[in-house]
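Structure first, then comments.
The values are calculated or read from the model by the stated rules, or taken from the named source; none is laboratory data. These figures come from a predicted structure and were not determined experimentally. So basically every Cβ, Gly included, is an ideal-geometry build from the backbone, and we count neighbours across all protein chains shown.
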């Protein structure tokens, strides 16, 4: 009995001590307000996030954009209300960045305005799930663990961005695309490392505002991490610049056809002839200016070629691809197999004599544009799409194409088509081939000129850091560009809407450093950083749920 009483007294003392020394609490108590103020704060965060992105480019807002919704999450009466606030923030951020979807669906899918708006709202609602899950997790974990938000925010948001699939790949990292110093962490972590930096600062600032002195140590630690990452990035940029300065050079001509491709049927003969004439004239101009390689944009050659196409006709022939005197040429076209009736979105490399040295077939097809998910199971989907859409066959994998160089050494060109240049997982596969240059062929004309072409360029700069090799982009209506191995946009053209603002074919001459890519931590381990964030958040959530069950019992 004496032992039992002693143990009971010890437990009582422990409970009294715990009651006298509770976990750290905010310096100022959090009010519990109604739905409207919380949702307004969440919407404000969404606005700040999309204003930080191109084409608005108020990039500094990304370092504080999370503060309003963090306050709404903290003050929400329940985790469900906190999740709703997160969802609103994510939906508004998505809507401000993807407003061009409405016009796209009306012009090229034939949707009435109401249907286009409905699809746009559904798209924003889906992408808001990343913020929704982040908000719910932050509320649950913050309530159970006394961890600073400078640590919890990057862990949770990176984990949610990693886990939830996106229709159009993008992330908060896009806000810093024009500031290479911030991006250098992507060599180790991929683009989600930039998201982690942004949320690290947002979380530290929020705790400073709410907890003040108690949050000083975590804030100083966050500042130290940010400073170390930026200092390391500056040093790494100097090293890569030195490597690029010693690397061989390739003068590349990027042809921008500015052609209004029809989507609802074959290209009219007159337009096809005009397109070919523009391609050839720009190829000749760029060759006279010194181009050693010319790149045509995605699908720019308007005639489909057979899969066994091995050599061009004599240069100067009316039916030849190449004009007389053309250097080696990368052609974006459609290829087809007569026996199987398979159609591919392809890139061909022709040497100066017209021989085909390599072919690449696009691997990651665009859903509902180049293929229709579950079309065999749901054939009625075909009726909702324009004629000819969704009929492409995926290629077997990435390749490099050999461009003959001095001293008998081939330069390895890695072709990537359309949005493959913004897919980190696919780019790892490309990096394993050790390319000397990434060659992107794209057609962004359907999306207008104001936002999407610039967003695509902004997302593509990360590929050069992830693999540490330069990227050239030939884009039908812009933005054609050269991005160096440090993620800097060295040269670029412009973007137009070829359907509303016709322009003749144009071209851009760039000098690209040839630096063998794929020798990076990211190329070796991929999204390991993000996967570790997922694992840690899963462990914390399991502990929080277990503790909650124990408390209820």
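Assorted remarks:
- Of all residues assigned to segment 166-188, none qualifies as being more than 19 Å from residue 539 (Cβ to Cβ) and without any contact (Cβ under 8 Å) to a residue 24 or more places away in the chain.
- So residue 224, is it more than 16 Å from the chain's Cα centre (by Cα), surrounded by fewer than 20 Cβ atoms within 10 Å (Cβ to Cβ), at pLDDT 95 or above and over 28 Å from residue 98 (Cβ atoms): yes
- Total residues in segment 74-100, condition under 29 Å from residue 153 (Cβ atoms), within 27 Å of the chain's Cα centre (by Cα) and part of a helix (DSSP H, G or I): 15
- Residue check, residue 273 assigned by TED's automatic domain parsing to the domain that holds residue 444, more than 31 Å from the chain's Cα centre (by Cα) and either crowded, with 18+ Cβ neighbours inside 10 Å or under 19 Å from residue 474 (Cα atoms) (or both): no
- Selection of first residues in segment 72-87 that are farther than 10 Å from residue 39 by Cβ and not assigned by TED's automatic domain parsing to the domain that holds residue 45 and of second residues that are modelled with pLDDT under 95 and crowded, with 21+ Cβ neighbours inside 10 Å, restricted to Cβ pairs under 8 Å at least 6 apart or on distinct chains, gives an empty result.
- The combined condition, being outside the structural domain of residue 53 (by TED's automatic domain parsing), surrounded by fewer than 22 Cβ atoms within 10 Å (Cβ to Cβ), in a loop (DSSP other than H, G, I, E, B) and in contact with a helix residue (DSSP H, G or I) (Cβ under 8 Å, 6 or more places away or on another chain), is not fulfilled by residue 485.
- Qualifying positions in segment 340-366 - closer than 12 Å to residue 393 by Cα and part of a strand (DSSP E or B): 342, 343, 344, 345, 346, 361
- Any chance residue 530 is in contact (Cβ under 8 Å) with a residue 40 or more places away in the chain, touching a helix residue (DSSP H, G or I) at 6+ places or on another chain (Cβ under 7 Å) and surrounded by 20 or more Cβ atoms within 10 Å (Cβ to Cβ): yes
- Looking across segment 163-184, the residues that are modelled with pLDDT of 95 or more and crowded, with 20+ Cβ neighbours inside 10 Å come down to 172, 173, 174, 175, 176, 177, 180, 182, 183, 184.
- Between 272, 217, 228, the distinction of being in a helix (DSSP H, G or I) and within 29 Å of residue 391 (Cα to Cα) belongs to 272 only.
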